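Accompanying notes for the structure given below.
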Amino acid sequence: MTHHLVRSDYTALVDRINLLPQGAPPSDTLYKILKILFSEKEAALVSLLPIKPFTVEKAALLWKIKTSEARKILDNLAARAILLDMEEDEKQTYVLPPPMAGFFEFSLMRIRRDIDQKTLSELFYQYLNVEDDFIKSLFTDGETHLGRIFVQETALSAETSLYVLDYERATEVIKTASCRGISICYCRHKMQHLGRDCNAPKEICMTFNVSAQSLIKHGHARLVSIEECLDLLLVAYDQKLVQFGSNVREKVNFICNCCGCCCEALIAARRFGLLHPVHTTNFLPEVQVGDCTGCGLCVNICPVEAMSIVSANDPRMPEKKKALLYEEICLGCGLCIQACQRNCITLKSRSQRVITPLNSVHLAVVMAIDKGKLQNLIFDNQALFSHRAMAAILGVILKLPPVKQALANRQMKSRYLETLIRRINPSS
């Protein structure tokens with residue numbers, strides 16, 4: 001493969017991307033994607049940027065150029081949704097998001113003429129749906145993943161609703177967000193260019209908080225009110241779409257309204273179900289077998305094929321069928337409850353609650369530990385985090401189970417940190 005033979009600015013960019021917990025395995029297809037999204041000069045510059053949010057002054061220092069010139073470059077990258085720009089402590093900061101959920105999706109979240117979206121869609125399909133390395137790395141490496149499923153609130157009974165926490169409700173995410181944006185669904189837009197999209201609505205992808213602010217600012221999303229966003233959620237429920245969002249309890253960045261045929265997360269859940277590529281809700285459907293007629297409506301609607309029809313094993317009625325749930329691969333979304341016309345499926349709590357990280361720092365640290373990349377968060381661009389950022393990382397680690405703490409300790413003693421210690425104190 002050509003990417004193994006010649007080092008280039010794009011090779012350096014791939015190395016930079018792979019410092020993140022959610023990386024992108026090198027392939028010829030990936031290089032073709034990056035060449036559409038980045039010029040060679042931009043690839044070289046972005047490869048030097050820190051993992052953590054940074055200021056224009058920091059970028060100018062790394063790039064060895066004037067601050068005014070650095071600002072023009074950063075603002076251009078943010079305008080194309082390669083970087084996200086945000087206000088942090090009354091200061092403008094920038095950050096390079098991962099490919100997913102990040103600048104891969106952003107490139108197709110509006111109709112654009114500055115890039116060839118058809119060619120890009122074909123390359124995305126090759127990289128994500130034909131080649132295995134990226135999707136396996138994204139959805140199956142480690143125990144903690146980037147996304148989780150939200151329970152469909154219309155499927156909840158009054159009793160079950162009492163056990164649903166606020167962070168498990170898409171409605172609560174919408175109501176409490178500081179900003180709400182709506183964009184075109186990346187997955188269905190990609191499939192449209194391949195002539196394989198479904199009839200589900202496309203302008204229904206939701207972003208929130210600082211991510212929404214940046215995307216709205218540059219026209220990649222449109223600002224919506226709480227009321228319009230809630231109305232779109234009802235449309236998603238009516239269209240039998242599954243809510244897949246950030247795997248955090250606080251400041252959720254996105255909720256995608258996913259169909260089983262186009263959505264990368266649901267396709268991964270079908271392909272690698274037993275590896276648990278997507279974090280489920282804390283609920284499972286329960287079939288009241290005595291009332292089930294085996295009509296198959298729940299089977300047809302399940303996006304991950306967790307329902308099947310089997311014999312009811314009734315000697316008096318040998319032809320009778322019933323629905324059977326495969327709990328190991330069920331997402332707990334609740335679509336089957338909406339489909340059942342006899343009301344013989346209800347939601348019950350899982351025997352063991354699913355643990356959701358508190359916020360983006362918690363998620364990044366745990367994912368980094370799982371994937372052996374914790375040193376990248378600490379040893380960022382030849383410089384330690386600020387005391388506040390380091391305290392946040394250590395605060396997460398100290399609250400982890402002993403096994404995870406041991407993994408973190410091992411990685412913090414890696415050659416990366418040893419190198420840093422020698423830089424700070426050569427005599428040690």
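All of the numbers you see were taken from the coordinates with simple rules; none came from a lab. Fair warning: this is a prediction, and the values are worked out from it, not measured in the lab. Quick reminder, even Gly has a Cβ in these numbers, built from the backbone with ideal geometry, and neighbours come from all protein chains shown.
For the chain, what does the relative contact order come out to in percent, with C-alpha contacts under 8 Å and a separation of six or more? Provide the component values of the computation, followed by the final result.
Numbers: 710 pairs, mean separation 63.3, N = 428.
With pairs under 8 Å counted, the relative contact order is 15 percent.
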*Between region 259-312 and region 52-107, what is the C-alpha centre distance in whole Å?*
41
*Only Lys, Arg, Asp and Glu count, each charged at its Cβ (+1, +1, -1, -1), so figure out the dipole size of the chain about its Cα centre, rounded to 20 debye.*
800
*Using label points projected 7 Å from each Cα along Cα→Cβ, tell me how many nm separate residue 61 and residue 8, to one decimal.*
3.2
_Listed peptides 17-24, 288-295, 67-74 by packing density, highest first (mean Cβ within 10 Å)_ = 17-24, 67-74, 288-295
*Using a basic spin-label model with each label point 7 Å from the Cα along Cα→Cβ, how many nm lie between residue 317 and residue 225?*
5.0
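Just for the chain, what percent of DSSP beta bridges are antiparallel, to the closest 5?
Working: 35 of 36 bridges.
If I count the DSSP bridges inside the chain, around 95 percent turn out antiparallel.
Give, in nm to one decimal, the length gained when the segment between residue 136 and residue 353 is fully stretched (0.36 nm per residue of separation minus the Cα-Cα distance).
Details: separation 217, 0.36 × 217 = 78.12 nm, distance 2.48 nm.
Between residue 136 and residue 353, full extension yields an extra 75.6 nm.
Which whole-number percent gives the relative contact order of region 283-349, counting Cα pairs below 8 Å spaced six or more residues apart? Please report the intermediate quantities before stating the final value.
Values: 124 pairs, mean separation 31.4, N = 67.
Value for region 283-349: 47 percent.
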*Please work out which option in [x] 38, 24, 18; [y] 44, 24, 19; [z] 40, 24, 21 gives semi-axes √(5λ) of the Cα gyration tensor in Å calculated from these coordinates, and answer with its label.*
[z]
*Give the residues of region 157-176 whose amide nitrogen is closer than 12 Å to a point set 7 Å from the Cα of residue 343 in the direction of its Cβ.*
157-158
_Inter-label distance for residue 159 and residue 68, nm, one decimal - labels placed 7 Å from Cα along Cα-to-Cβ_ = 7.1
